[in-house]
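Encoded as structure tokens, the structure appears first; notes follow it.
The values are calculated or read from the model by the stated rules, or taken from the named source; none is laboratory data. It should be emphasised that the depicted structure is a prediction, and the values quoted were computed from it without experimental measurement. All Cβ positions, even for glycine, are placed from backbone atoms using ideal geometry, and neighbour counts span all protein chains on display. Calculation scope for accessible area: heavy atoms of the full protein, side chains included, ligands and nucleic acids excluded. Shrake-Rupley method; radii C 1.70, N 1.55, O 1.52, S 1.80 Å.
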Amino acid sequence: MSDFRPRKLLRAQGVFTLAFFYSLSVGLLVQLVILPFVLPTLDAGQGLLKGGDWIWFQQEAVKLANRIHQEGWVVWELRPHGNAPIGIAAAAYASTGISEPWILMPLNAGLFAVGATCLYIMFTLITSYQLAFVATMPYVLLPSAAVIFGQIHKDVWSIAGIAMVTLVWGRFSAYRTLGWKDVGIQAALILTGVLLVWLVRPYLVQVVLVTSILTMLVVAWTGLTWRGHVKNSPQWWFGVILSIVLPLVFMQSLSGVEVLSGSGEVEPIAWHHTELIPASLDNALSQFAERRRAFTEVYPHADSNIDTEVEFHSAIDVVRYIPRALQIALFSPFPDMWGGDGASPGAEHMRFVAGIEMAFTYFLLPGVLMVFMRREIRCTTAVALIQTTVPIVILALVVSNVGTLYRMRYAYLQLLNGLGLIGWVMWIQHWNTKSRRIVG
């Protein structure tokens, strides 16, 4: 069975087209009208918002584009200073002769629309096409999305990649048989998704791989215990295994993968090895500790730092912090962070917007439990939960800044928001049906 039959393909194309033109229009509106004329105090020039890394990305991209014009393409590099958005923007500027961020908007809009389309198809595995469309709208319409696709941003790339990988595992959980064509589509999706993530955030490939392995265990277990009329095909099992092997081979082929905390030399942390767990796992957890300290020391005075005093010195410390990491991953910024002034320009506006979005999330999250209660889609829902909660908990173990975490978890949280919305609608429909039966 395939998601790519003509009628389904037309619906997916419709979602892509809508998301593309919406994000393109809003992005251009933000850059060319809202910032320079409506909110000039937040305008850093050239349609860029004050206080973000995109300002530096733009400056470096212009410098590199000028060098390309003078010395030729031999001076171009993909990740100047370790940041792919600089190299991509410079290539666009050098090719078009226009060094303005708005020239990147079609690319950003396309990537953002890819993420929307993948989420939509994922939701169609759980509910009707109409409700799947509605569940995709928080991803598209929330105000913070305009910053992601409307500025020179890493996350517009990684979000598209994460959505592709999530869709692959969602399809494996929903279908018990696949043809070779479907396996090829799965392989292409997961490899493209990993490539997009690696392009801007190489360290997240490791997170994607760990999450995929956990998901594979759940999917394989359901495959072995499936008691339906259709048995899992050999192609299905081959695709499941291939979806782990491809990212693993890809990651192993990389050299000099940057760490999650960014750059900067920090003092090694005193780590006490735990003999009760495998050495490889203990070493992996010690890397979490190193990266958390590095992140905190590189950004010691960031406006939205949280739990910066927390350090890990053993695997037990990491395990003890997981409940707190889950709380931060799902519910931050907390209500006491929704107002007040900030150190960066426009921080008070961003906090207000984040507060509205988090209040919306608080309302939707209970709906996820309602979706999980549906027996026939429980496996797909479980896969979606693994694909969302595991990565953001890992990120919360390392990233001690709420603002950074808020951006990096966007795709994961919007998948949860969509599931929650589906759950609430299912509950309302069930309640209405039950009420009509009682009245009848």
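Quick look at the numbers
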read-out	value
Fully extended contour minus Cα-Cα distance, from V210 to R324, at 0.36 nm per residue	39.0 nm
Convex hull per residue volume in Å³, alpha carbons only, for the chain	179
Packing-based order for 289-296, 236-243, using average beta carbon neighbours within 10 Å, highest first	289-296, 236-243
Rounded to whole Hz, the Karplus (6.51, -1.76, 1.60) HN-Hα couplings of the stretch 207-213, x for glycine and proline	5, 4, 5, 4, 5, 5, 5
Most positive-pole-ward Cα, A163, I55, Q429, against dipole of the chain from beta carbon charges	Q429
Distant-in-sequence amide H partners of L49 (H built 1.01 Å from N, under 5 Å)	A44
Rg [Å, one decimal], Dmax [Å, integer] - the stretch 291-338, C-alpha atoms	11.8, 34
Computed E for Y362/L224 - FRET, C-beta separation, R0 51 angstrom, nearest 0.05	0.85
N66-T433 FRET efficiency (beta carbon distance; Förster radius 56 Å; 0.05 resolution)	0.30
The chain - accessible surface per residue (Å², probe 1.4 Å)	46
Using θ = phi - 60° and Karplus 6.51 cos²θ - 1.76 cosθ + 1.60, couplings along the stretch 113-120 (whole Hz; Gly, Pro as x)	5, 4, x, 4, 5, 5, 5, 4
Distance between modelled label sites at S144 and V249, nm, 7 Å Cα→Cβ extension	3.7
19 Å reach of a label modelled at K50, 7 Å along Cα-to-Cβ, counting backbone N of the stretch 272-308	302-304
Nitroxide proxy distance, nm - points 7 Å out along Cα→Cβ at L281 and R378	2.5
Under 5 Å, built H, 5+ apart or other chain: amide partners of N401	I306
Amide H contacts under 5 Å for S314, placed H, 5+ residues apart	H272
Translational diffusion of the stretch 1-97, µm² s⁻¹ [Kirkwood Rh, Cα pairs; Stokes-Einstein; 25 °C; 0.890 mPa s]	154
Rg/Rh for the stretch 267-361, where both radii come from Cα atoms and Rh is the Kirkwood radius	1.08
FRET efficiency estimate (nearest 0.05) - Cβ-Cβ, T41 to I103, R0 22 angstrom	0.30
Longest to shortest principal axis, alpha-carbon extents of the stretch 51-155, angstrom	55, 28, 23
Karplus-derived 3J(HN,Hα), 6.51/-1.76/1.60, for each residue of the stretch 365-371, Hz, glycine and proline x	3, x, x, 4, 5, 5, 5
Rounded percent of accessible protein surface that carbon and sulfur make up, the chain, 1.4 Å probe	66
Those aspartates and glutamates that a straight Cα-Cα span of less than 12 Å connects to K50, excepting residues fewer than 8 apart in one chain	none
Within the chain, helix-based [θ] at 222 nm, where runs of 4 or more DSSP H residues each add -39,500 (n - 2.57), nearest 500	-23000 deg cm²/dmol
Cα→Cβ-extended label distance, 7 Å offset, between H313 and V74, nm	5.5
